[in-house]
Amino acid sequence: MKKFLPLLFALLLFASPYCLAAGDDDNADTGLDTSKRVSTWVQIVMPVYVGLTAVPAVESASEWWSGCYRNFCFGMELVGLRFSSRGSNLEGDLGVRFQLMNFAGPANSNSIMHTASFGIPVRGAVKFLRWGKVFAGVSGDYIVSGTSGIIGEKGRTDASDILSPFRASVEGGISWHGFGLWAGYGLTPAFRGSNARTLSFGLVIGI
């Protein structure tokens, strides 16, 4: 699976941010460009996320970095709808998101976890100038697959015994021409029986 991720990312990079649009045809006789008219109602979009997520380990939260579970995360919205209206600087997004994460354990633990999850992000955005946006929203993600183990040792166990199956988070950021910076914070614990929350930040394409 790992060897296909760079190819998948490259494909999604060129496919983003828009794959289809549909909208208001009332001004068909005005001579306006069709793509400009249709984008004022609803768009099907495919944002792609790449970033880093850190989870301070409960027993060493004061040592923020050395005591972190951290991962390189990749995600995309398989189906996303963007709602806007003509002449308004407000937008709303609703999507279905797929994420892949590879958690590396705290320093000297040699532990690692792989997870895959689906989620539903809901966002609002305020446009400024012509191509800029400030956005914020909430997301609920459910882990559908996960394994954990020790680097260099054979065998993997089910990560669902360690991770919380459901994760809610808030996120926000700023973008320009569809490329932006985003950050997120977990509203629910990352691990079972703990209060450790996820802290995420990275790049997004398509918002």
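Some points to look at:
- Given (1) assigned to a strand (DSSP E or B); (2) modelled with pLDDT under 90; (3) surrounded by 14 or more Cβ atoms within 10 Å (Cβ to Cβ), number of the condition SER145 does not satisfy: (3)
- Summed over region 146-184, residues that are of a type in the set (A, V, I, L, M, F, W, C) and in contact (Cβ under 8 Å) with a residue 60 or more places away in the chain total 1.
- Filter result (more than 13 Å from ILE112 (Cβ to Cβ) and either within 21 Å of the chain's Cα centre (by Cα) or at pLDDT 85 or above (or both)) within region 148-162: SER160
- Criterion (out of contact with any Asp or Glu (no Cβ under 7 Å at 6 or more places or on another chain), farther than 19 Å from THR198 by Cα and either at pLDDT 85 or above or surrounded by fewer than 16 Cβ atoms within 10 Å (Cβ to Cβ) (or both)) met by exactly one of GLU59, GLU63, GLU91: GLU91
- Test: residue in region 97-117 that is without any contact (Cβ under 8 Å) to a residue 24 or more places away in the chain, assigned to a strand (DSSP E or B) and on the phi < 0 side of the Ramachandran plot: yes
The values are calculated or read from the model by the stated rules, or taken from the named source; none is laboratory data. Since we're looking at a predicted model, the values are computed, not measured. Methodologically, a virtual Cβ is constructed for each residue, glycine included, from the backbone with ideal geometry; neighbour enumeration extends over all protein chains shown.
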